[in-house]
1. Efficiency by 1/(1 + (r/R0)^6): what FRET value for SER255 and ASP122, r their Cβ-Cβ distance, R0 = 51 Å, to the nearest 0.05?
2. Rounded to the nearest 5, what is the percent of antiparallel bridges among the DSSP beta bridges in the chain?
3. What relative contact order, as a whole-number percentage, does the chain give when Cα pairs under 8 Å and 6 or more residues apart are counted?
4. Which length gain, in nm to one decimal place, applies between SER265 and THR55 when the Cα-Cα distance is subtracted from 0.36 nm times their residue separation?
5. With viscosity set to 0.692 mPa s at 37 °C, what whole-number translational diffusion coefficient in µm²/s follows for the chain from Stokes-Einstein and a Kirkwood radius over Cα pairs?
6. If we count every other residue with Cβ under 11 angstrom of ALA100's Cβ, Lys/Arg +1 and Asp/Glu -1, where does the sum land?
7. From the phi angles alone, apply the Karplus equation (6.51, -1.76, 1.60; θ = phi - 60°) to region 146-158 and give each ³J(HN,Hα) in whole Hz, x where the residue is Gly or Pro.
8. Going by average Cβ neighbours within 10 Å, how do the peptides 183-191, 378-386, 140-148 rank, with the highest at the top?
Amino acid sequence: MTRQETLATLAGLGVELPPATKMPDEALQKRLRQALNSAQYVSHVLKHPPLDPATLPEWPRSRSAYDGVRRGNFQEGTENFHAKLQGKEVELYKNPMMDARQTLMSIAKWWDEDHRWMVLQDPDSEQCAINIRLLSVLELDKHTPVIVLLYQSVIRENVMEGLQWLKQMRDKHNKNGYLVNIKATPLEQKLLLRLLAINGKLLSQTYKPKKESTEQSFKASFLLPLGPLSYDDISKLNSDPGCVLCGKKTTSRCSQCQSVAYCGSDCQKADWPHHKPVCRSLNGGTWRTTRFVTVVPGTEGLYTARWNKFSTPADLVANATQEADPSAVPPNPHGGRLFLVKLQAPLTGLFDTIMVYDRQRSIQGYFMLDDNAEVYPEMISEMQGPRGGHGGVKMYRWAKRSSDWELSICMDREPLTDIKW
């Protein structure tokens, strides 16, 4: 996978990095690996690797493997609903990660229909392919099937090996001897091969599946359900603790806005054309100091579940937590630096409350109408005005901590940066 292909794949996962980033290739590959593990929810479903297929029960035939691998969030559900109303189909070959998720569902569907071998091939059937034989579908838990398989990457140099395997499969499986051919772009295939390589290292070394005579070069691996990244994953993977351009240790910040950090003057000069609009957008802005609380009055001791467009239905249960001590001073990880916050008005219920939080949710609180009688209406007006957007219920603004319980918000300057959360 080339550097630009890696950046395109990360972008498809919701991890945006500047096209001209000087981040080392090793750091880019690490970020891709982290993103792919997050898309598989590895830390949640495979808590004690390695995976040993011999210790897992089979996925019940009464339950569809296709239904088992499907994943989504509220944003995708809404987009799919509106697309169906307009008679639109899912657009393929635009986003390699979305294509890979569609391919995984196709593989699971063919398993449900008793097909155990297939080929992933580029749309023109000329460049590359992946030969796959499904070994088993096992149950990690009642919501998570794992597809165990053998695979072979086929390119022009080993195309005869691939064809010999196809012939053997056809001869052996007369009943279902026709070829299952799933179209996959070269980039999608590279992504799937990377995923299979990552997962192959998570297989127990004691697992040695029986191979056919034409499968000696095949590798064992597995596929887990693939889905969109969670809010926390997107926040972590889009954050860059190092130089905004190259990822190295930082030594300075932009003196005008303090919002970005650099390793030195060379990177700062190189990034100025990109950073200039963001920096200049704050000049002459109107700042308002607002008091916040960490617990809405009247909800002390209650359990709450916060959700957003990246949440899944399961998150509503898993993320339910008891409200914190309202008198405990919240942390200040940003010090005196500027940082982005999201301000969100309630859709129902507490209409005198605006939620505020940063990307990492290291700061999370509420602006109350009673505490901010003058500023609160101004916030609502900004959300509903041309600088708000997002349906008039939320907006992003630059902020800085002005005291333990106060934030200073640049009210009338919309951030000129691509925001992924």
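Since every read-out is calculated from the coordinates, none of them should be taken as a lab result. Since we're looking at a predicted model, the values are computed, not measured. With ideal geometry, Cβ positions are generated from the backbone for all residues, glycine too; neighbour counts draw on all protein chains shown.
1. 0.50
2. Around 95 percent antiparallel, to the nearest 5.
3. Answer for the chain is 16 percent.
4. Once the chain is fully extended between SER265 and THR55, it gains 70.0 nm.
5. Once the numbers are plugged in, D ends up at 134 µm²/s.
6. +1
7. Rounded to whole hertz, the list is 10, 9, 8, 8, 10, 9, 9, 7, 10, 10, 4, 5, 10.
8. Result, highest mean Cβ count within 10 Å first: 183-191, 140-148, 378-386.
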